[in-house]
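Shown next, in structure tokens, is the structure this report addresses.
The values are calculated or read from the model by the stated rules, or taken from the named source; none is laboratory data. In this text, all values refer to a predicted model and were calculated from it rather than measured experimentally. Counting neighbours? That spans all protein chains shown, and the Cβs are built from the backbone with ideal geometry, glycine included. Ligands, DNA and RNA are stripped out before the accessible areas are found, and what is left, the full protein with its side chains, is counted by its heavy atoms. Shrake-Rupley method; radii C 1.70, N 1.55, O 1.52, S 1.80 Å.
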Amino acid sequence: MSTDEKFEDDLIFAISRTGDAFQAEGTALLSGGLRRGRRRWRRRSAAAVAGGVTALALVATGGAYLAGAGGARGDGGQPATVAAADGSGAPASGTGAPDAGAPGAPVPSAAASAAAVTGEQMVGLLKALLPPGTVTVAGSRGSAGTGNQPPGAPYASVVLDDGHGKAAIQVGVQRQAPGDASLLDQVKCPDPKFQPAGVVCTSTPLADGSTLMVLQGYEYPDLRVDTKAWSATLAGKDGRLVQVQEWNAAKEKDAPVTRPAPPLTPAQLGALVTDKSWDAVVRALPTPKPQSPATGKEYSAEEILAITAKLLPAGLTESETGGQPGYANFVLDDGKGKSMVELNVQDWSRALKEHQQGTAKDGDVVEQVFAKARTLPDGTKVVFEKGADKAAVWTVDSLRPDGMRVVVGAYTGGGPKQPSVRTAPALTEAQLEAIATSPLWVLKK
């Protein structure tokens, strides 16, 4: 994969995220088909966006991980605003621009506004909005594609050296159908239960009807390295998705940290994505048709929470709830410390049929997940697992003969990224199994 292709894949994956960022990455709830499904979505995403439709990762455990959407407190932890860092209200950047027609010149507006945007123009727009310093171009792409590249989401990638250490900065622009409900999903702050300590995120409605999310995080949510990744994402009423990402290193990955924090403050990030310079880029992109409404066959998070509430032991109630279609999570507190619970509810009837007929083309996921399952009298397959990390999560995975799959996991803390505060989850193995195998879960037709 070329550098441009890798960046485009990462950009599309990031900017087409769902609201809960990197929920439950690597936990037992991502076993089998879920992990495989996310890989498939990543491969399809570039082609989908090239066709003018943003592909959303509706994977049951929380969708896409906004590149670097971990979290580190920076800039004093102050809320992000659209105003410049100096309080002037002007964009927190320089205002100079190359001459029209020169390499890197901004996209012209007015009569030529619907013309294709070149990669050089994207670089010019980004450079004009950055603070003083030496800028090196790392990559770019226009809306029309070049060479063997098909049309796609335009982006620019540069390295800024402001005298305090080199930093990678990338910006990308996409467009969805105006009024698409999924737009706001992409500017919702991640569920704090899934974030490392110190995550700073704000999601702010703006006067023009758009929504701005600013997120200060790490490149890796497990904090394996000190590379910080901060971003701002704007979702506009016209369907625009503008995202800027920055790091405190010269590259997103595999580069040493060069400075304590990325160069742009949260206020500057917000000012950059809300700048009017991107209007012409948006106009150059086709307006996608609205996506077809959901069929209603998938359980909503609200439905999952309502059913689960009926199945909890007496005295326990759901709090700090969250989720998305096919997935829900909540926290239980029995007085012995918080214990997060999460559920996946899925229709696996097709996978089960392929398993029974031996016709699975992409690997038998039923065999992969339930090879060591215990079979109940009614034919339901059940697998119980304890997490390897000090039994921090207990999981019951169930598959009924009709193809209804329900996975229930409970933690010894308030979330996957939170410290364990108890020796066992608030729900026992038997209680987890009772929830997973309850007849209240009915396969939707």
Any trypsin sites (Lys or Arg not before Pro) in region 307-391 that lie in a DSSP loop and have at most 14 other Cβ atoms within 10 Å would be 336, 361, 372, 390
Give me the net charge for the shell around residue 239: Cβ to Cβ below 10 angstrom, other residues only, Lys and Arg +1, Asp and Glu -1. +1
If eta is 1.567 mPa s and T is 4 °C, what Stokes-Einstein diffusion coefficient results for region 396-445, Kirkwood Rh from Cα pairs, in µm²/s? 106 µm²/s
Please go through region 202-273 and write out the trypsin sites (Lys or Arg not before Pro) that DSSP classes as loop and that have at most 10 other C-beta atoms within 10 Å. 224
Lys and Arg at +1, Asp and Glu at -1: add these up for the other residues within a Cβ distance under 11 Å of residue 370 and post the number. +1
Mind putting a number on the dipole of region 395-445 about its Cα centre? Charges go on the C-beta only, +1 for Lys and Arg and -1 for Asp and Glu, and I need it in Debye to the nearest 20. 220 debye
Where does the charge balance sit around residue 426 when Lys and Arg score +1, Asp and Glu -1, over other residues with C-beta under 11 Å from its C-beta? +1
Could you please state how large a percent of the accessible area of region 127-260 is carbon and sulfur, counting protein chains only and using a 1.4 Å probe? 55 percent
Could you count how many Lys pairs in region 237-330 have their Cα atoms under 26 Å apart, skipping same-chain pairs fewer than 8 positions apart? 5
Can you put 355, 164 in order of accessible area, largest first, using a 1.4 Å probe? 164, 355
In this structure, among 361/381; 381/444; 127/417, pairs with alpha-carbon gaps over 26 Å are 127/417
So if we plug the beta-carbon distance of residue 386 and residue 334 into 1/(1 + (r/R0)^6) with R0 = 25 Å, what FRET efficiency do we get, rounded to 0.05? 0.85
If ligands, DNA and RNA are left out, what is the accessible area of residue 420 with a 1.4 Å probe, given in Å² to the nearest 10? 70 Å²
